[in-house]
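Here is the structure we will look at.
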Amino acid sequence: MKIAIHNNKKPNTLKAVNYLYKNLKQSGFSFDVEHPDIVITVGGDGTLLSAFHHYADQLDRIRFVGVHTGHLGFYTDWRDYELNDLIRALKVDSGQSVAYPLLDVKVTCNDKRPVEHFLCLNESTIKRLGSTLRSNVYIKGKLFESFRGDGLCVSTPTGSTAYSKSLGGAVLQPSLEALQITEMASINNRVYRTLSSPIIVSSDEYITFRPSVAEDYVLTIDHIALNDRQVKQIDYRIADERIRFASYRHMNFWHRVEGAFIGSQDDEDGDR
């Protein structure tokens, strides 16, 4: 098994990384940052997102393992004080994994730039710099609404706990094959009307945004910002590719949600 370690540069992370390199090597593992079988991310969710985009062209053969060294790690199953347990799990690896849907983003521009495709783990957004976003929204090729507001967000089920949730979106179980549209400060009056509610779209449908002509669009793909596109059309659908996590003890999704946003209910339960 070939392993790559992808990490941030924080002191506690570097300490964990040094420990992993030393002990994985002693356990007989080899390292290959170009074509690994397992990518261990050490840091937090931002580190995992960075690793995902770095290895996006090898998703059919790579599994990810997340080690959490910060305050909140939604994609990470292991803590930095559990590295020996992780190494033991790697030693008896049998290829087990859990896979989650990804977002396929196709961007068409008004200039001569070729059509671009991106894979997205959490969400993609479109905004304008200092101006109202005006965009027609289509679902499966049919006009649904004409949006006016700060911006629009399309998220995956796993991304439903990130930016989309802060916009009032629903939290989706990640095994669902669905996309979600959430609005950013939509304008609703006698002239302009939108649904003004999160929209969940099934896997057999797709979403299209056709914004008005402008040169100040900011398009994001997870943590990556693109601000030099004269966007003509953006198409979103469930990608053919999946992200796979090595499921040595992959944490239950609702347990993650409870731990991240609610906290332990032990005290409350004990008082009943």
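The values are calculated or read from the model by the stated rules, or taken from the named source; none is laboratory data. Remember, it's a predicted structure, so these values are computed and weren't measured experimentally. Cβ: placed from backbone, ideal geometry, glycine included. Neighbour counts: every protein chain shown.
For GLU268, the conditions (1) assigned to a helix (DSSP H, G or I); (2) modelled with pLDDT of 80 or more all hold with the exception of (2).
Looking at segment 98-106, can you tell me whether even one residue there is among the charged types (D, E, K, R) and surrounded by 17 or more Cβ atoms within 10 Å (Cβ to Cβ)?
Yes: one or more hits.
Among the residues of segment 151-169, those identified as surrounded by 17 or more Cβ atoms within 10 Å (Cβ to Cβ) and more than 19 Å from PHE52 (Cα to Cα) are GLY151, LEU152, CYS153, SER164, LYS165, LEU167, GLY169.
Restricting to segment 138-158, give me the number of residues that are hydrophobic (A, V, I, L, M, F, W, C), within 17 Å of VAL213 (Cα to Cα) and more than 22 Å from the chain's Cα centre (by Cα).
So the first thing to find is which residues in segment 138-158 are hydrophobic (A, V, I, L, M, F, W, C), and the list is 139, 143-144, 147, 152-154.
Filter once more, so that each one left must be within 17 Å of VAL213 (Cα to Cα): 147, 152.
Filter once more, so that each one left must be more than 22 Å from the chain's Cα centre (by Cα): 147.
Residues in segment 138-158 being hydrophobic (A, V, I, L, M, F, W, C), within 17 Å of VAL213 (Cα to Cα) and more than 22 Å from the chain's Cα centre (by Cα): 1 in total.
Within segment 123-146, the set of residues being of a type outside the set (A, V, I, L, M, F, W, C), closer than 30 Å to SER50 by Cβ and crowded, with 17+ Cβ neighbours inside 10 Å comprises GLU123, SER124, THR125, LYS127, ARG128, SER135. Within segment 22-39, if we keep just the residues that are without any contact (Cβ under 8 Å) to a residue 40 or more places away in the chain and surrounded by 14 or more Cβ atoms within 10 Å (Cβ to Cβ), the residue that is nearest to GLY70 (Cα to Cα) turns out to be VAL39. Scanning segment 79-95 for residues that are loosely packed, with under 14 Cβ neighbours inside 10 Å and not in a helix (DSSP H, G or I) yields VAL92, SER94, GLY95. Take the conditions (1) in a helix (DSSP H, G or I); (2) of a type outside the set (Val, Ile, Thr); (3) more than 19 Å from VAL105 (Cα to Cα); SER160 misses just one of them, which is (3).
Based on this model, can you work out whether VAL42 counts as farther than 26 Å from LEU219 by Cα and free of Cβ contacts under 8 Å to residues at least 12 places away in the same chain? Lay out the reasoning, then the answer.
On the way: farther than 26 Å from LEU219 by Cα: yes; free of Cβ contacts under 8 Å to residues at least 12 places away in the same chain: no.
Against the criterion (farther than 26 Å from LEU219 by Cα and free of Cβ contacts under 8 Å to residues at least 12 places away in the same chain), VAL42 does not qualify.
Restricting to segment 209-224, and then to whatever is among the acidic types (Asp, Glu) and in contact with a strand residue (DSSP E or B) (Cβ under 6 Å, 6 or more places away or on another chain), can you tell me which residue is farthest from SER135 (Cα to Cα)? Residue satisfying both the conditions and the ranking: ASP222. Going by the structure shown, is THR161 in contact with a helix residue (DSSP H, G or I) (Cβ under 7 Å, 6 or more places away or on another chain) and of a type in the set (Val, Ile, Thr)? Yes, satisfied. Of all residue pairs spaced 6 or more apart or on separate chains, those with beta-carbon atoms under 6 Å, a first member in segment 106-122 that is under 23 Å from TYR55 (Cβ atoms) and a second member that is assigned to a loop (DSSP other than H, G, I, E, B) are CYS120/ASP222; LEU121/ASP222; ASN122/ALA162; ASN122/ASP222.
Where in segment 173-250 are the strands (runs of 3 or more DSSP E), entirely inside, with at least 1 residues that are at negative phi, outside the structural domain of ASP60 (by TED's automatic domain parsing) and of a type in the set (Lys, Arg)? Please lay out each step first, then the result.
Numbers: elements: 178-186, 199-202, 207-211, 217-221, 224-226, 231-246.
Answer list for segment 173-250: 207-211, 231-246.
Within segment 49-72, take every residue that is within 17 Å of the chain's Cα centre (by Cα) and free of Cβ contacts under 8 Å to residues at least 60 places away in the same chain and give me the one that is surrounded by the fewest Cβ atoms within 10 Å (Cβ to Cβ). Here the residue is ASP57.
The set of residues in segment 227-243 that are modelled with pLDDT under 95 and either closer than 15 Å to SER202 by Cα or surrounded by fewer than 18 Cβ atoms within 10 Å (Cβ to Cβ) (or both) comprises ASN227, ASP228, GLN230.
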